[in-house]
Every structure is written in C-alpha cells, then in structure tokens.
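Worksheet: one structure, shown below.
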Amino acid sequence: MHLIITEKHDAASKIASILFQDCVASRVNGVPVYRSNKADAAVIGLAGHVVELDFPPEYGRWTAHPPSALIAAPVITVPTKKDIIGALESLAPSATRVTIATDYDREGELIGVEAYNIVRRLSKAPFDRVRYSSFARQEILGAFSKPTSLDFSLAAAGECRQEIDLVWGAALTRFVSLAGNRAGKDFLSVGRVQTPLLAIIVDREKEIQAFVSKPYWELAAVLLKGAEAFMARHKKGRFDNKEEAMAIYKKLGKAATVKSILRESKKEPAPIPFSTTELLKAASAIGFSAAGAMQAAEELYINGWISYPRTDNTVYPPTLDLRQAVGLFKASPEFAQSALELLAQRSLVPTKGKVESKDHPPIYPVACASKAQMDERHWKLYELVVRRFFATLSPPCEWDVVRAEVDISGEPFSADGKRLSAPGWRKHYPYGMPKEEVLPPLSVGDVLAVKKINLLEKKTEPPKRYGQGRLIELMEKLGLGTKATRHEALSKLYSRGYIEGNPPKPTQTGITLIDALRAHANAITTPDMTGKLEKDMDAIAESRLKKDDVVLESRKMLRAIFDQLEPRRADIGKALRAGAALDSDIGPCPICGSPLVIRETKADRRKFIACSGFPECRNTYNIPPGTLKFEKKICEKHRLHLLKVTPPSSRDKDGKTIKGKAYEYGCPACKKEAFYAQPTQK
C-alpha cells in the first residue's frame, strides 16, 4: 500500500481527489483516511504536529524547581494527537511506500519528520517527499511525478526553534510570573520573539506620550482663475512665529500673478509580488488583523484558490506560466475586463522584489473564483490577491504633475496639482489610490483674483502608533520570528493583555513589563539575540551548523540573562505588581500595591475582593451579592474604583420576577473601615 501523509485533513481530501478517481473516505482509529483500491493507496492528514516538546513531568509544578532550573532541564517528546498516531501505527505495517506531502517549509518538514519517525518504527517501506505550492491539479500531479527526499536539516531547524522557544519561554515566564505574584491563569508571558516585539510597541507609545505639541501657522490663499477656485500655500510652509505670519497676512492684497509653471509626467512603478509580509501589510490597510489575514489566506490556499501563503519570495519563478494564470479569469464576471486587457499586452513582464527564494513562489491566484463561492471575508482577501497579481503584470501608471509659482504682494506662494493620465496598474489595483488635485489651465503672467487668505493655526502631532502590517514589516527587518510565526507573536500579545486596540496600544501591564526587564535584563527586550538565533537556525537548515550546538549556545545566553535577573527579583516583582494594578478594574491593594481581583469561596461560590499578592498579602473585602460594575470614578483615599451593584432578581408572593435595582456601593476599602469603626455592642 502507498501511504501518503499530509499536514491537515482538508489537504488529504484534496490530494486524494486529485490523485484517485475511485477515492473512498473511511476511518482508521476514528481518523479520516482516503483510500484508492485501484492504486492500492491511502491518504491521511495529521492536523499539524502530532507530538510536542516538553519538560519531564517533575518540572510541571512551577514551585517544584526554580525557574532557572529549566535552562539545563532535559526536553522530551510527548504525543499530543494520540488518535492520529494510532491511525499511523495501524496503517504503517501495510505500507510498501510512504510519501510525506506536508507543507514545504521548516514547520511542515518537521511535521513530516515526526510522522516519519512514527511510521518507520513499524515499517521498512521506502520514504519519499513531494513539494508543492498550491492545490492546483497540475501542480499536485507534477509534484507526485517527481518525488524527492525528506530534508532532515530543514526539519532540525524547525525542531531547534521549538526547543529554544520552550526553554526560553518557560524559564522567563515562570520567573517573571512568580516575581510578580501572577502564577496560575493570570501568568505573565515572556518570549524571545514576543517580548522584543512588545518593546517596539512600548517604545512607540513612550514617544507619543513624551511628545510636546507646538503651535505653528500656515498661510493658504484661495485663488480664482475665472470661476475655478484652487488653493495655493506660502512657500515657507510652517511659521513658528505667529507675528511673522500675521505681518505677511496683513500685507497680502487681492491679486496674484503666476510667475512660473512646471509641468512634468511622473511614472509610478507597479507594486512587487506578494510575500507573506507584503500580503499582511496590504491586508492590514483594508481592515484585516495580521492573524485574521493569515488565517483567511491559509483557508484560501487549502481550498485551492491561492498559492502557499507563507513565503519570503517576491520574484515569480520562470516556470510560472503568467499568461495561463491570467487566462483563468477570462470569463470571470468580476475580473474578465482586467484579464483581457492584460492578455492583450504584447508581453507580460512582472515586477520583482529584492528577495528571491526557491521554495515557494510569491502569493498569487491559482484558480478563478466568483464572489458567490465564498463569504465576504474570504472574498475580500482573495480579490486583493488577484488584483495584486494583475498589478504586478501591468505597466507603470503615469501622473501629470503641475507646480505653479504665484506671487501675492511680493510673497511667494505655490499650488500643486496632479492628475492620473495613464492608469496603468492602478486600473486593476485600486487600493490606496491617491486623491487627484486638478488645477485650472494656467499660464505665466496670468493675473488671478485672491478670493480669500486663511491664516491657519495648527499644532504639531505626535507620531502615529504602528499598525499591525507595519509591525510585521519591522519584525521582518529586525529578524524577529519567521513569515509563519510573526502574526502569532502579535496575537499572543493581545491574548496576554499586553496590548489592546488596533493599531496596538500597550496596556500599563505591558509597559511595566518592558520597563522592568529593560532595567534589569535589557537583552530580553532587544532583537539582537533573537536575530542571531534566527541566523543560526538558517544555518542549520543549510547544514552549516548542528542543532545541538545552537541549542547549547541559546541556553548559555539564557543563563547569562538569569544571572542578571535573579539578584533583582524583588525589584522586578514590585514594579510588575504596580503596573498590573494600574490595569486592574478594581485598583491596587492599599496594603501592598498588588492588583485587587474578584475571587469566589469554594463552599458557597460567594464573591469577594482579594489581593493578588496572596499568600504574602491576605487583604480581602466583602461585597454584596449581585452583578458588579467598577466605575471610572476613583476613591481619592484608597485609589480604588467605586463599585456599583445590581442585586440578584427575586420573586414576589405571586411568583413574578422582580429585577434588582442597581445602587452605588462605593469604595470597598472605605466600607471595610467604616464597619470596623463601628462601636462594639455590649
């Protein structure tokens, strides 16, 4: 039997339907398996990794070993998908040939090697590997006609990443969480990729907070050429001195003279093909989050609409038949006009980016879909991919640019205009289209009426927060993460409560975490060490370094970081608790400064307020039953948010429900003080 192993169930179904006409779905150990009696073959999908790296069980309890003990702790492989492993073990003895058909990248190669290790224990069948970049029928058939070998070096690079991330993440997370009294579900996550990323976001926020706005003034004139009005601005631009701007404003008369006209045509080159980073940047500009765009792209890939979405490549390979790819859209209601215009070109010469790799092509459409075939979210991203592909095969667009120099009472003004004269690639790719500014026909010597002079008072603005697309781009530039993991690092910052909103803004907890780490172990917050490890993993994939040597080096780096952290644990913990308290809905504990949280008694599930610094701090506050809402208003004495309570509903004597009426409870600490201040009754 020819056993074919893919990365996911959907991929198994897709490949089986392409390879075999007599494909029949069955189940082995509860796992879908697609069989062909005629070809004597079976296709099974893995659902990603079926094993994972972990520490031995004795390291599971956080308090059993100090966090630094994890630096040198052994790492073991643990089965995570026992049903799929069981299915592989059932199929293996019957296999006469095994083909690994997982995605072709580090992660996919590692997943394939995991399956290889399971099957080879029970089968002496030969193994081979197929590589493809889309689920287009011809590509799958071509891949299976030219199998190659597993790339164990590439898989080793993926495994190296897993081990380094496990050790760094677990050791640092435990140290920081225990120092800040944040063990349990409220732990503080630290990682070699996500933490430098958080530092970038925090640094930007500090730039914004430190920015001091300054006033400035501009002079803008509304001029008339006949009945047509247009705007001209003083050539100095900004006036930092209001008196200077006012003096010029007062002397300006009612007539303007055109002194010179500069007309030129400027070409705007078409955009480069989509790499993963380029796709996420463009998707961010039309409303996608990085994680949402990546998820949608992967689903479009699995369903056979686009090529593999995890790629650094920005150069189409010479083997890609561009004319055939465009021809898929000749009859499309949505894309036919663009496709036919491109096919009418004498040749299709694509744009090129700076990165060219051989594993996968840039992201492009491999099949023609209609809007009715997918939901709005998937269509939005699919259309973006199609139109970007068309744009990369199009000529530059051309702009007619005009600059008119104008004199008003001896003061120089200028007016700029631009008009799209040849749409080129922008006809197919309308995203981010600049606004046209059309000036009336002007000639040197024209005398224009000054309709109005505006003295505009403005203020300098702080830098903008980085959008998700820009952050992905910065991560690529700094060597943080990979094309497959950068969006995941961003998602993790959201899930841990370090950032919020879009564009991302750091919470006080996120800011405090970076401040504490930067003060006591700055290397964790910079991309330098992570960037070096990324290069080392590239070297593993290229067989220039050994995985064990890179892992050992990473553990030495981590040991040096702990040598800085451990003597400063108390200071770090104090800073972290103070920062977390500022994000707390309730406020800081008046006794120790740790965040106050809602807890429940085990016996009767009664809610109460407790200090998160337990057991070191055992401060608590009783609160009445009902729905609790902490308001923005804060008690001046205790710095706690005031509490509003809605009592539980009750029933009257006739059985009718009486809804509780909300009332102001006030500050829990003030209530406690008032209770204990009452005189004791004899």
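Being in contact with a strand residue (DSSP E or B) (Cβ under 7 Å, 6 or more places away or on another chain) and at negative phi: is that true of K458 here? Quick ask: steps written out before the conclusion?
Numbers: in contact with a strand residue (DSSP E or B) (Cβ under 7 Å, 6 or more places away or on another chain): yes; at negative phi: yes.
Against the criterion (in contact with a strand residue (DSSP E or B) (Cβ under 7 Å, 6 or more places away or on another chain) and at negative phi), K458 qualifies.
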**Report entry** Filter result (open to solvent by 60 Å² or more (accessible area, probe 1.4 Å), assigned to a loop (DSSP other than H, G, I, E, B) and under 22 Å from L393 (Cα atoms)) within the stretch 238-276
**Finding:** P269
Report summary line: The residue that is farthest from A73 (Cα to Cα), considering only those in the stretch 9-43 that are open to solvent by 70 Å² or more (accessible area, probe 1.4 Å) and hydrophobic (A, V, I, L, M, F, W, C), is V24
**Report entry** Residues located in the stretch 452-508, provided they are within 11 Å of the chain's Cα centre (by Cα) and either of a type in the set (G, A, S) or within 30 Å of A229 (Cα to Cα) (or both)
**Finding:** G467, G469, A484, A489, S491
**Report entry** Matching residues, the stretch 461-520, being touching a residue at least 24 places away in the same chain (Cβ under 8 Å) and on the phi > 0 side of the Ramachandran plot
**Finding:** G479, G481, G497
Report task. Provide a single number: the residues in the stretch 327-345 that are over 35 Å from the mean Cα position of the chain (by Cα) and hydrophobic (A, V, I, L, M, F, W, C). Result -> 4
Query raised in the report: Taking the stretch 537-546 as the search range and keeping residues that are touching a residue at least 40 places away in the same chain (Cβ under 8 Å) and in a helix (DSSP H, G or I), which one is farthest from D563 (Cα to Cα)?
Result: A541
Query - Of residues in the stretch 647-668 being modelled with pLDDT of 85 or more and of a type in the set (A, V, I, L, M, F, W, C), the one surrounded by the fewest Cβ atoms within 10 Å (Cβ to Cβ) - result: A662
Query raised in the report: charged (D, E, K, R) and either farther than 27 Å from K483 by Cβ or in a loop (DSSP other than H, G, I, E, B) (or both) - does that describe any residue in the stretch 277-290?
Result: no
Query - Subset tally (residues that are under 22 Å from A325 (Cβ atoms) and without any contact (Cβ under 8 Å) to a residue 12 or more places away in the chain) for the stretch 120-145 - result: 3
Query raised in the report: Counting only residues that are over 31 Å from the mean Cα position of the chain (by Cα), polar (S, T, N, Q) and buried (at least 18 other Cβ atoms within 10 Å of the Cβ), how many does the stretch 85-133 have?
Result: 2
Query raised in the report: Would a scan of the stretch 409-416 turn up a residue that is of a type outside the set (K, R), within 38 Å of the chain's Cα centre (by Cα) and open to solvent by 60 Å² or more (accessible area, probe 1.4 Å)?
Result: yes
Report task. Could you check I76 against (1) open to solvent by less than 60 Å² (accessible area, probe 1.4 Å); (2) modelled with pLDDT of 95 or more and say which number it fails? Result -> (1)
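Those residues that are among the polar types (S, T, N, Q) and either touching a Cys at 6+ places or on another chain (Cβ under 9 Å) or exposed (fewer than 15 other Cβ atoms within 10 Å of the Cβ) (or both), I need them from the stretch 44-71; list them, please. Let's see the steps before the verdict.
At the first step, the residues of the stretch 44-71 found to be among the polar types (S, T, N, Q) are 63, 68.
Selection gives T63 alone.
Could you list, in sequence order, the residues of the stretch 323-368 that are of a type outside the set (A, V, I, L, M, F, W, C), assigned to a loop (DSSP other than H, G, I, E, B) and more than 25 Å from R310 (Cα to Cα)? It would help to see each step written out before you state the result.
Residues of the stretch 323-368 of a type outside the set (A, V, I, L, M, F, W, C): 323-324, 327, 330, 332-334, 337-338, 341, 345-347, 350-354, 356-362, 364-365.
Now restrict to residues that are assigned to a loop (DSSP other than H, G, I, E, B): 330, 332-334, 345-347, 350-354, 356-362, 364.
Across the stretch 323-368, the qualifying residues are K330, S332, P333, E334, Q345, R346, S347.
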**Report entry** Extreme residue, least open to solvent (accessible area, probe 1.4 Å), among residues of the stretch 547-584 that are among the polar types (S, T, N, Q) and part of a helix (DSSP H, G or I)
**Finding:** S554
**Report entry** Complete set of residues in the stretch 510-522 that are over 15 Å from L197 (Cβ atoms) and part of a helix (DSSP H, G or I)
**Finding:** T512, D515, A516, A519, H520, N522
Report summary line: Of the candidates S307, S347, the one satisfying the condition of being modelled with pLDDT of 95 or more, out of contact with any Gly (no Cβ under 9 Å at 6 or more places or on another chain) and hydroxyl-bearing (S, T, Y) is S307
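Does E405 satisfy being closer than 30 Å to L223 by Cα, of a type in the set (D, E, K, R), open to solvent by 20 Å² or more (accessible area, probe 1.4 Å) and in contact (Cβ under 8 Å) with a residue 24 or more places away in the chain? Before you say what the answer is, go through the steps one by one.
Working: closer than 30 Å to L223 by Cα: yes; of a type in the set (D, E, K, R): yes; open to solvent by 20 Å² or more (accessible area, probe 1.4 Å): yes; in contact (Cβ under 8 Å) with a residue 24 or more places away in the chain: yes.
Yes: the conditions hold for E405.
Of the residues Y316, Y301, which is open to solvent by less than 50 Å² (accessible area, probe 1.4 Å) and closer than 19 Å to G108 by Cα? Walk me through it before giving the result.
Values: Y316 fails: closer than 19 Å to G108 by Cα.
On inspection, the qualifying residue turns out to be Y301.
Select, from A199, A220, the only residue that is open to solvent by less than 30 Å² (accessible area, probe 1.4 Å) and more than 14 Å from T525 (Cβ to Cβ).
Working: A199 fails: more than 14 Å from T525 (Cβ to Cβ).
Step by step, each of A199, A220 is checked, and only A220 is open to solvent by less than 30 Å² (accessible area, probe 1.4 Å) and more than 14 Å from T525 (Cβ to Cβ).
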Report summary line: Of all strands (runs of 3 or more DSSP E) fully inside the stretch 1-57, the set with 1 or more residues that are among the aliphatic types (A, V, I, L, M) and farther than 23 Å from A136 by Cα is 24-28, 31-36, 51-54
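Would a scan of the stretch 175-185 turn up a residue that is assigned to a loop (DSSP other than H, G, I, E, B) and surrounded by fewer than 20 Cβ atoms within 10 Å (Cβ to Cβ)? Give the derivation first.
First, the residues of the stretch 175-185 that are assigned to a loop (DSSP other than H, G, I, E, B): 180-183.
The next check asks that each one be surrounded by fewer than 20 Cβ atoms within 10 Å (Cβ to Cβ); those that pass are 183.
Within the stretch 175-185 (the criterion being assigned to a loop (DSSP other than H, G, I, E, B) and surrounded by fewer than 20 Cβ atoms within 10 Å (Cβ to Cβ)), the answer is yes, since at least one residue qualifies.
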Query raised in the report: Do any residues in the stretch 200-216 that are farther than 24 Å from A489 by Cβ have Cβ atoms under 6 Å from those of residues that are in a loop (DSSP other than H, G, I, E, B), where the two are at least six apart or on different chains, and which pairs are they?
Result: F211/P462; S213/T460; K214/T460; Y216/R238; Y216/D240
Query raised in the report: Within the stretch 672-682, restricting attention to residues that are surrounded by fewer than 16 Cβ atoms within 10 Å (Cβ to Cβ) and of a type in the set (D, E, K, R), which residue is modelled with the lowest pLDDT?
Result: K682
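Of all the residues that make up the stretch 620-640, how many are open to solvent by less than 40 Å² (accessible area, probe 1.4 Å) and out of contact with any helix residue (DSSP H, G or I) (no Cβ under 9 Å at 6 or more places or on another chain)? Reasoning before the result, please.
First, pick out the residues of the stretch 620-640 that are open to solvent by less than 40 Å² (accessible area, probe 1.4 Å): 621, 623-624, 626, 635, 638, 640.
Now restrict to residues that are out of contact with any helix residue (DSSP H, G or I) (no Cβ under 9 Å at 6 or more places or on another chain): 624, 626.
The total comes to 2.
The values are calculated or read from the model by the stated rules, or taken from the named source; none is laboratory data. All figures in this text were calculated on a predicted structure; none of them were measured in a lab. All Cβ positions, glycine included, derive from the backbone under ideal geometry; neighbour counts span all protein chains shown. Ligands, DNA and RNA are stripped out before the accessible areas are found, and what is left, the full protein with its side chains, is counted by its heavy atoms. Shrake-Rupley method; radii C 1.70, N 1.55, O 1.52, S 1.80 Å.
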